[in-house]
Structures are given as C-alpha cells and as structure tokens.
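Student: Just dropping this structure here.
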C-alpha cells in the first residue's frame, strides 16, 4: 500500500518513558516494518502534566532556563517553553514529585514556591499568555508557595506585628497566612491559562487534601490538618476576593494540591489540558491527510475516557486511531465505542513488567511499531484485526 502516512502522537508512559521516547520507539518500528513507502511523522503530546514543556519544545517552542527552589527548597534548573507571546510553565519540573530528594514524600513541607519563581520569570518576559501545566505537584499547599514567590502574601493590614510567613511555605504553613494582595500580580493584558483535566474542587471529600493528599504521603490526621489549612486560606482570600469561596468550589480548583485555586485567585482560566495542548502543538495540522494515528499512554482505563489525551485524540483525529499502551483495563468493545480502532497493550506480549523497565518498554514499542508497519505494507493481518494478542 504505497503512499501511506502515519502520525505517531502519544503521551508519555508515566514513570517509565517520556512522550518523545515512546514516539521515537514506535516510529522506528513503523519505519522498519513499513518500508520506504510509509511516511511516518512524530508529534509527542502532553495534557498539562509531566512532559508538557518537553512536548512544547519538540513542537518548536524555545527553551528558557530558570533556577527555582524545588519542592523542599533545594535549588535546581527548570525549563520553560516559549513561542511568540505564549510561555508554558510546568508544575512537574518546578515543584513536582520527581524532584523530592531521595523520593521521600513530604506532605506538609513540600511547597509550590518553585512554580511561583518560574511564573515570575515568565511574566518578566511580557508574554501575552502563560499556560500553567498543573500535573505532578508534590505539594498540598493551596498554591501558597506560588503566591508567596509572586509577592501576593502579606502581613495582616490590622494592628499588631502579624505572623511571619516563611519564604518557602508548604501545607503546614497555611494557618499562618493573614492576608493576600492579589491586584497586579498578573499584569493586565496577560492571559493566565490553567491546563488540567482534574475537575476536583479545593475542599471537601473530593478536594485536594482528601483525594490527592494520600498520594503525596498524607495519613488521615495530616489530611485533616491540610484541609483545615486550606479552609483558612479560602477565608483569608475572601477578604481580597469576595468570590473566593465560589472559586474554591470550581472544577479544577483542587488540581496540583490547590494550585488551581491560587491560579483562579490570580484571574486564571481553567481549560482542558488535552485540548489545549493539542492546539498548542499543532495536532490538527499534523493529522490532516493521515491514514493512521498511533497514540497511547501508560495505562488505559475508564478515567482515560473522561477527557484524557487518548480520548481527545480519537475525537479530533478524523481518521483511524490505534492506541499502544502499557496496560489496558478496557474491554475491546468499549475501546471501539470510544473511537479506538485497536488497542495494543505491551503487557500482553508476556515479557515481564514494562512499567518498571524502560528498556523493555522501548523494545516492545519498536516491535508493535514493526507489526503495524507490516500491516500497512500489506504483509500482516488486515488493519481491522489489529495486532494479534494486543487488541
């Protein structure tokens, strides 16, 4: 079948391979199996989580390096991505879980100050739009660290000395907040766009502390302590913004340990991370005229169908979409109903656990790519059958 054209556009396999590594492995296999008549292009994708800046850089954005305090205050280098008037700031590479020293979870101490420093650097370049990619945060501080780094946390305007606020505050410091000064933190004319597919509010049983706190090391008493601190932050914020309680209840306010709420206080707008990044990375142009799109992520499950990247790719592709994933928990008929012509899961190849073995994942991705290439070349099973043992 000469003249066939494939776009390889996956997300990363979390904790194993980046989107670029997944895309390159699949593309290598496709080229090997499909021969010289198969046109293969790659477009690593992101949905606002880990790897968002890397995907933007691969799509032509320019890197901007900045020194930031990590989630525990240890200085490190973070990269922003800039193109024209748009800057992408990523939570994962400024105050993310992967930056915790020794991998030790710090539910009370971890701070979002790093993303505030990165955001301050982004604003200094006078952009028209800042995209804040919220996935992967190590903290549950309601964005207190970010607000402090931006100069938005102040002493009480009333009499008395007030409480001293640390420069690198985490969730344990929420009760010490006395006042917020929000005006002018984000200059007029700058659009702050919050990219997340998390719809949780800030407070309550589906809020930042209750749902995401345990993932960051919080035991039940710590969850209760963080919840009280976040409620205090909302009460303080209401003195600067009367609509603070409403913002705390908005979808996405609980994203990234409450960073969504802090961004809303600063005038931010929450949008679907998957749709936004497909727009930023030029997906609609890249997919035009393709015979096949190969996308994927580390694990495909019911959550993937609720606005996550694979579902958005299937909705927008306008052509056949097949997924290559580490593991699938969806029945084949459910996957097909949601636009996935075939799903190929690496674990079904029966060669160990690819989720914990990047080299194995890379080799299996190349093998799946080769099989897909042979199908497109007319030397394998018909496309509707997919790849044996993986659909």
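Student: Provide a single number: the residues in region 251-265 that are at negative phi, surrounded by 18 or more Cβ atoms within 10 Å (Cβ to Cβ) and in a loop (DSSP other than H, G, I, E, B).
Tutor: Taking region 251-265 as the starting set, the residues that turn out to be at negative phi are 251, 253-255, 259-265.
If we keep only those that are surrounded by 18 or more Cβ atoms within 10 Å (Cβ to Cβ) too, we end up with 253-255, 259-265.
Retained after the next criterion (residues that are in a loop (DSSP other than H, G, I, E, B)): 253-254.
Number of matching residues: 2.
Student: Mind telling me which of the residues 247, 233, 192 ends up being in contact with a strand residue (DSSP E or B) (Cβ under 9 Å, 6 or more places away or on another chain), within 27 Å of residue 303 (Cα to Cα) and not in a loop (DSSP other than H, G, I, E, B)? Let's see the steps before the verdict.
Tutor: On the way: 247 fails: in contact with a strand residue (DSSP E or B) (Cβ under 9 Å, 6 or more places away or on another chain); 233 fails: within 27 Å of residue 303 (Cα to Cα).
That would be 192, the only listed residue that is in contact with a strand residue (DSSP E or B) (Cβ under 9 Å, 6 or more places away or on another chain), within 27 Å of residue 303 (Cα to Cα) and not in a loop (DSSP other than H, G, I, E, B).
Student: With respect to residue 292, is the statement that it is touching a residue at least 24 places away in the same chain (Cβ under 8 Å), under 30 Å from residue 4 (Cα atoms) and within 15 Å of the chain's Cα centre (by Cα) true? Can you show your working first?
Tutor: Values: touching a residue at least 24 places away in the same chain (Cβ under 8 Å): yes; under 30 Å from residue 4 (Cα atoms): yes; within 15 Å of the chain's Cα centre (by Cα): no.
Criteria not met by residue 292.
Student: I'm checking my understanding of the structure. Among residues of region 40-72 that are modelled with pLDDT of 95 or more and farther than 30 Å from residue 145 by Cβ, which one is farthest from the chain's Cα centre (by Cα)?
Tutor: Residue satisfying both the conditions and the ranking: 40.
Student: I need the full set of residues from region 266-279 which are assigned to a helix (DSSP H, G or I) and touching a strand residue (DSSP E or B) at 6+ places or on another chain (Cβ under 7 Å), in order please. Can you show your working first?
Tutor: Filtering region 266-279 for residues assigned to a helix (DSSP H, G or I) gives 273-279.
Across region 266-279, the qualifying residues are 273, 276, 277.
The values are calculated or read from the model by the stated rules, or taken from the named source; none is laboratory data. Everything numeric here is computed off the predicted structure, so don't read it as measured data. Cβ sites come from the backbone with ideal geometry, for glycine too, and all protein chains shown count toward neighbours.
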